[in-house]
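Novice: Questions regarding the structure given below will be posed in turn.
The values are calculated or read from the model by the stated rules, or taken from the named source; none is laboratory data. Here the structure is a predicted model, which is why all the values come from computation and not from measurement. All Cβ positions, even for glycine, are placed from backbone atoms using ideal geometry, and neighbour counts span all protein chains on display.
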């Protein structure tokens, strides 16, 4: 049998008077019924000190660990593919800088570009976003999204470019799902779904379009910015490597809301919004 190790988050502990127990990645404990297997040999095998079970009892327990999904073969996470390493990052430095650091640590080649977000400026066009042939574009805003700012970026998946974004609204930040293919959730879909989900849709639409009168500005603290960058980097890394996500909503159908005061993350399912049925053209 090939070398086996516990998956990240799974741990085995010796309980006095009760034998071995496994703590699962979800934080649950299960008793390990080792039977006639040698516990020391079993632990040696799980930690990789030995590469093959010495007896049938140990092999039986190892097989049970494997069937339960607690064993991993090879690296815990695939390497970032070369074809998907070029990632373009736009937006506010308080978010783009920690994101670039985390993406580089994962194996990507991030390229940070300042983006003009003033309401009176010309929006970034699709050709500008595709400049340099990036495999993915990430846009981070330390504030609400101005109307029309992300319209061109929503077309990136049609050109084979992954599209990921986040923004802040007061003390709440939103990390939107990766859009990597036609039919995935875009920023326009998220806005439509959020408007449909609240009775304050008129107020929310007015808030997005501005103008707004605010109190003392919200300062995005380092821990909050690092958390948002980590969520973005993890989502993009799972897209790039094809790694599966944890239990819950699918990564490409998940909107996350972050409370910047408590750093609490909540997940919400989000689906694309179908196009409105077109009006048939009349003959003549």
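Novice: Tell me, please, whether a residue that is part of a loop (DSSP other than H, G, I, E, B), touching a strand residue (DSSP E or B) at 6+ places or on another chain (Cβ under 6 Å) and closer than 22 Å to residue 254 by Cα can be found in region 115-137. So that I can check it myself, show each step before the final result.
Specialist: The initial filter retains those residues of region 115-137 that are part of a loop (DSSP other than H, G, I, E, B), namely 115-125, 131-135.
Checking which are touching a strand residue (DSSP E or B) at 6+ places or on another chain (Cβ under 6 Å) leaves us with 115, 134-135.
From what's left, closer than 22 Å to residue 254 by Cα: 135.
Looking for residues that are part of a loop (DSSP other than H, G, I, E, B), touching a strand residue (DSSP E or B) at 6+ places or on another chain (Cβ under 6 Å) and closer than 22 Å to residue 254 by Cα, one finds at least one in region 115-137, hence yes.
Novice: Out of the residues in region 210-226 that are surrounded by 13 or more Cβ atoms within 10 Å (Cβ to Cβ) and either more than 11 Å from residue 99 (Cβ to Cβ) or not assigned by TED's automatic domain parsing to the domain that holds residue 175 (or both), state the one that is modelled with the highest pLDDT.
Specialist: Going through region 210-226, the residues surrounded by 13 or more Cβ atoms within 10 Å (Cβ to Cβ) turn out to be 218, 220-221, 224-226.
With either more than 11 Å from residue 99 (Cβ to Cβ) or not assigned by TED's automatic domain parsing to the domain that holds residue 175 (or both) added as a condition, the list becomes 218, 220-221, 224.
Details: 218: 84, 220: 92, 221: 93, 224: 97.
Looking at the filtered set, the residue picked out is 224.
Novice: Suppose the filter is assigned to a strand (DSSP E or B), touching a helix residue (DSSP H, G or I) at 6+ places or on another chain (Cβ under 8 Å) and within 19 Å of residue 142 (Cα to Cα); does residue 232 pass it? Steps first, answer last, please.
Specialist: Working: assigned to a strand (DSSP E or B): no; touching a helix residue (DSSP H, G or I) at 6+ places or on another chain (Cβ under 8 Å): yes; within 19 Å of residue 142 (Cα to Cα): yes.
Answer is no for this residue.
Novice: Of the residues 14, 21, only one is farther than 27 Å from residue 244 by Cβ, free of Cβ contacts under 8 Å to residues at least 40 places away in the same chain, outside the structural domain of residue 243 (by TED's automatic domain parsing) and not in a helix (DSSP H, G or I); which?
Specialist: Numbers: 21 fails: farther than 27 Å from residue 244 by Cβ.
Criteria check complete, one pass: 14.
Novice: Something else now. Look through 54, 49, 66, 59 and report the one residue that is touching a residue at least 24 places away in the same chain (Cβ under 8 Å) and either in a loop (DSSP other than H, G, I, E, B) or closer than 27 Å to residue 244 by Cα (or both). Working first, answer last.
Specialist: Values: 54 fails: touching a residue at least 24 places away in the same chain (Cβ under 8 Å); 49 fails: touching a residue at least 24 places away in the same chain (Cβ under 8 Å); 59 fails: either in a loop (DSSP other than H, G, I, E, B) or closer than 27 Å to residue 244 by Cα (or both).
Every option except 66 fails the conditions.
Novice: Residues in region 82-99 that are out of contact with any helix residue (DSSP H, G or I) (no Cβ under 7 Å at 6 or more places or on another chain), buried (at least 20 other Cβ atoms within 10 Å of the Cβ) and in a helix (DSSP H, G or I): how many?
Specialist: Within region 82-99, residues that are out of contact with any helix residue (DSSP H, G or I) (no Cβ under 7 Å at 6 or more places or on another chain), buried (at least 20 other Cβ atoms within 10 Å of the Cβ) and in a helix (DSSP H, G or I) number 1.
Novice: Would you check if there is a residue in region 124-135 being within 21 Å of residue 231 (Cβ to Cβ), modelled with pLDDT of 95 or more and in the same structural domain as residue 240 (by TED's automatic domain parsing)?
Specialist: Taking region 124-135 and keeping what is within 21 Å of residue 231 (Cβ to Cβ), we get 134-135.
In the following step, the residues that additionally are modelled with pLDDT of 95 or more were identified as 134-135.
Next, from what is left, pick out any that are in the same structural domain as residue 240 (by TED's automatic domain parsing): 134-135.
Yes, because at least one residue in region 124-135 is within 21 Å of residue 231 (Cβ to Cβ), modelled with pLDDT of 95 or more and in the same structural domain as residue 240 (by TED's automatic domain parsing).
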